[in-house]
Amino acid sequence: MPEPLMSDQLITYLDDLVPERPSEMQKMEAYAAEHDFPIIGPAAGYYCYQIARMIGARSVYELGSGYGYSTAWFAKAVQENGGGVVNHVVWDKELSQMAGRHLAALGYADIVRYTVGEAVGALRNAPGPFDLIFNDIHKVGYPESVRVVEKRLRAGGVLIIDNMLWSGRIFDDNDRSENTEAILETTRMLTTSSGWITTLAPIRDGLIIAYKK
Ligand SMILES: C[S@@+](CC[C@H](N)C(=O)[O-])C[C@H]1O[C@@H](n2cnc3c(N)ncnc32)[C@H](O)[C@@H]1O
């Protein structure tokens, strides 16, 4: 494993800047810590929420939603933006059901719609266009997902992709695994295309923020 990109001190500092979450979200954070489940965590979650508020997002599509922690941040934004829909999509039925319980407890039952299935295929068949698309699926699926996102995101919409620093494995010349190559290819696609304005924010494991022109 490469050296950690961020010190524990910096990670804790950034997470501590995030306002206190409701107890249901704290339970979700505790579950992730106990079970080593890769949620985006407070700092990246709050950043996603901020972006969704800034663009006034009312329709959000998530690819790879887990048990709904990232969904909760988007649902909060959509609710505060005046209401709308957040699509929760994951291929694990149990995680979808677990998300349903958490998100109902948080008061987002009216906002979140659930799909159990492969997320890129589901987005391909979704009507759209969406204001914001968040991508946290298996990493080899990222390049193909961008091609689908391009068709389903509105002009002026935002694509956010997690794990773009891949714990530093992108810097390891000996790591030519499918996942690492897919992350590098996706970064190249979004940073060299004239259709996107893209930055990579080094929050947690790296979030790409791509604005569709
Ligand atoms: C990293 S976790 C999601 C964490 C979630 N975004 C959060 O921050 O709370 C990714 C989840 O998506 C699922 N997944 C991965 N690739 C997928 C795909 N192509 N379609 C649907 N689900 C997928 C995984 O099984 C896992 O449950």
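Quick notes
- For Lys213, the lysines whose Cα falls under 27 Å of its own Cα, not counting residues fewer than eight places away in the same chain, are Lys76, Lys139, Lys151.
- Protection proxy ranking, peptides 49-61, 95-107, 22-34, average beta carbon neighbours within 10 Å, highest first: 49-61, 95-107, 22-34
- Contact order normalised by residue count of region 1-158, Cα under 8 Å, 6+ apart, percent: 21 percent
- Antiparallel %, DSSP beta bridges [both residues in the chain], to 5: 35 percent
- Rg over Rh, two decimals, the chain (C-alpha only, Kirkwood Rh): 0.94
- Accessible surface of the chain [probe 1.4 Å, protein heavy atoms]: carbon and sulfur percent: 52 percent
- In whole percents, the pair-distance distribution calculated for region 97-213 from its alpha-carbon pairs, binned every 10 Å from zero, is 13, 40, 34, 13, 1.
- Distance between region 33-68 and region 118-187 - C-alpha centres, whole angstrom: 15 Å
- Assuming charge only on the beta carbon of Lys and Arg (+1) and of Asp and Glu (-1), the dipole of the chain about its Cα centre is about 1080 debye to the nearest 20.
- Under the criterion of Cα pairs below 8 Å and six or more residues apart, the relative contact order for region 65-213 equals 19 percent.
- Under 12 Å from Lys93, Cα to Cα: aspartates and glutamates that are on another chain or at least 8 residues apart: Glu118
- Furthest towards positive pole of dipole, Ile183, Ala30, Val86, structure part the chain, Cβ charges: Val86
- Ordering of 67-74, 86-93, 176-183 by packing is 67-74, 86-93, 176-183, highest average first (other Cβ atoms within 10 Å, averaged per residue).
- Mean accessible surface per residue for region 78-205, computed with a 1.4 Å probe while every protein chain stays in place, in Å²: 46 Å²
- Of all beta bridges that DSSP places with both ends in region 121-213, some 65 percent have antiparallel geometry.
- Tail fraction, Cα-Cα pairs, region 45-94, threshold 15 Å, whole percent: 37 percent
- When its C-alpha radius of gyration is set against 2.2 N^0.38 Å (N residues), region 44-159 gives a value of 0.95.
The values are calculated or read from the model by the stated rules, or taken from the named source; none is laboratory data. This is a predicted model, so every value here is computed, not measured. Neighbour counts run over all protein chains shown; Cβ positions are idealised from the backbone, glycine included. For the accessible areas, the whole protein counts, side chains as well, though only heavy atoms, and no ligand, DNA or RNA atoms are used. Shrake-Rupley method; radii C 1.70, N 1.55, O 1.52, S 1.80 Å.
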